[in-house]
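Read through the structure below, which is laid out as structure tokens, and then see the notes.
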Ligand code: GCB
């Protein structure tokens, strides 16, 4: 490494430390904890000028403005920055765009407010445990959030797709706690993602909100997976939060008769490793075990599966056997009702379709999806590509942007590291070649390996094509385990038949996943196969793509773009796109286009052949 490279790395590291410093402190498995749901109607005030936060000379209002939660005191008080009893509401979880027609295109600040009771400091319905600690937890707020409780600012968070959490122990009242959140979804060039994306910028409190009630010292986080490369040794770590840091922690998998007891250090941290005779998780048999952790009075348990994932040359090995990823990419957008996915019901529709298509793999593009998706993928047996929104033209030379990207990546891994379905962490999508970009992304790849050595690192790259030959030679490839490539032969690149003559070469002895391919057509738009935007044209692209993909010897997987049509502000064609990207195999109403049936038959045959090989 050159001196300038090491300096740049050190600079990135320092920038990260200065901005974010702390380990991710969010509580692992919040749905396995005692909590009060704060979902439901929240009052909202739309504030395009941020007048609830800045005064008329643009100085931050000293008491927090609308965040202070003040109400007019008596009939002669002319105070304006207030929620009134008749202030309208929106549902949480939920993006604001799809709840009111006048908010469809809105980008800016909306203030949210709700009240709740917390008898004796504990969530309603729960027995009061003196000495317990309480935390406000938000599944996601897109994009920036500032949170106030009872007039006091608790903190802020940047990044639209990962949880945020604030300790509120000692700050709760028995009745009438006022929780106010300023959510701002404006786009910025130095943000992650930057201003130009190919999806709708859904704003708001888009996922669950909870008040968690925890013992004074509790199991804050844990990582339980198979040891890298092993199929019968469970390994990981546990971290406690609270005063009594030195404790004995027991990790057990009762059904497998396996457990270990370890002692935490002064920081409440311990590692463990123990043998276990396990039925391994796979798409064909997605076996999950109840895993329990106990420390002092605290206990937590959840379903976790165990599998190994490795590469050997151009193969991906699942539990030691080559697996071909039959996949589809999807946005975290709910069909039928529109808006962001936030529930198991939403996830069941999307992942159910992926199963029906014959997939064993899904690419959850282009940001961390709701936890309901990855938990259900564990149950349904779908391998997952998980991604952070380092998308298109990010500010590669801006240390603050790097710090944001790294933090989001760390938050994503922190949340989902026990989801056995996830086999690939992706650090970027379709980023333009340059040295600073490769430096930025290789630093992210190194971060993944540091945080989770058990999974594979990937990124979706752009094709380097000269005439009919695409060469996989992106310099980022040296830092990845699996190369992702988005190619649109037949759509952005030539006519469908161009695929027949395409050759693929690689400079890496690594697996390739064709992370995107496809074409656009609204459901029901028919014509001949040479007419763009028809179902026939789209199907024809698949008809030529699939044999082309089969001819690539180092291909280990593919994920068609995309499962379902999705909203997108940069897709203009009236009567065709109408602000939707129509590359879905299904419409946003779940209607099946011709290409769906082609890919379903292809995956069906492939799956049957793989099953036959496995049985031999
Ligand atoms: C891509 C992007 C994806 C777009 C897609 C398209 O390569 O990764 O986000 O939506 O192309 O439809 O152009």
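Annotations for the structure displayed:
- For the residues 397, 406, 387, the requirement of being under 12 Å from the mean Cα position of the chain (by Cα) and at pLDDT 95 or above singles out 387.
- Tally, over segment 356-393, of residues that are within 16 Å of the ligand (Cβ to nearest atom) and farther than 21 Å from residue 159 by Cβ: 1
- Residue 554 under 30 Å from residue 313 (Cα atoms) and in contact with a helix residue (DSSP H, G or I) (Cβ under 9 Å, 6 or more places away or on another chain): no
- For segment 551-584, the candidate set comprises residues that are crowded, with 20+ Cβ neighbours inside 10 Å and more than 13 Å from the ligand (Cβ to nearest atom); within that set, the residue that is nearest to residue 366 (Cα to Cα) is 558.
- Qualifying residue in segment 390-410 (condition: in a strand (DSSP E or B) and crowded, with 23+ Cβ neighbours inside 10 Å): no
- Residue count for segment 57-70, restricted to those that are at pLDDT 90 or above, in a loop (DSSP other than H, G, I, E, B) and surrounded by 10 or more Cβ atoms within 10 Å (Cβ to Cβ): 3
- Restricted to segment 481-507, and to residues there that are free of Cβ contacts under 8 Å to residues at least 40 places away in the same chain and more than 16 Å from the ligand (Cβ to nearest atom), the residue that is surrounded by the most Cβ atoms within 10 Å (Cβ to Cβ) is 495.
- Looking only at residues of segment 173-197 that are crowded, with 21+ Cβ neighbours inside 10 Å and assigned to a loop (DSSP other than H, G, I, E, B), we find that the one that is farthest from the ligand (Cβ to nearest atom) is 185.
- Selected residue (criterion: nearest to residue 159 (Cα to Cα)) from residues of segment 411-433 that are out of contact with any strand residue (DSSP E or B) (no Cβ under 8 Å at 6 or more places or on another chain) and away from the ligand (no atom under 14 Å from the Cβ): 411
- Checklist (1) touching a helix residue (DSSP H, G or I) at 6+ places or on another chain (Cβ under 7 Å); (2) away from the ligand (no atom under 16 Å from the Cβ); (3) under 24 Å from residue 592 (Cα atoms) applied to residue 324, failing item: (3)
- Number of positions in segment 475-493 that are more than 20 Å from residue 327 (Cα to Cα) and outside any strand (DSSP E or B): 6
- Of the candidates 420, 458, the single residue that is assigned to a loop (DSSP other than H, G, I, E, B), touching a residue at least 60 places away in the same chain (Cβ under 8 Å) and either under 18 Å from the mean Cα position of the chain (by Cα) or on the phi > 0 side of the Ramachandran plot (or both) is 420.
- Filtering segment 358-373 to residues that are within 20 Å of residue 513 (Cβ to Cβ) and surrounded by fewer than 24 Cβ atoms within 10 Å (Cβ to Cβ) leaves 358, 360.
The values are calculated or read from the model by the stated rules, or taken from the named source; none is laboratory data. Here the structure is a predicted model, which is why all the values come from computation and not from measurement. With ideal geometry, Cβ positions are generated from the backbone for all residues, glycine too; neighbour counts draw on all protein chains shown.
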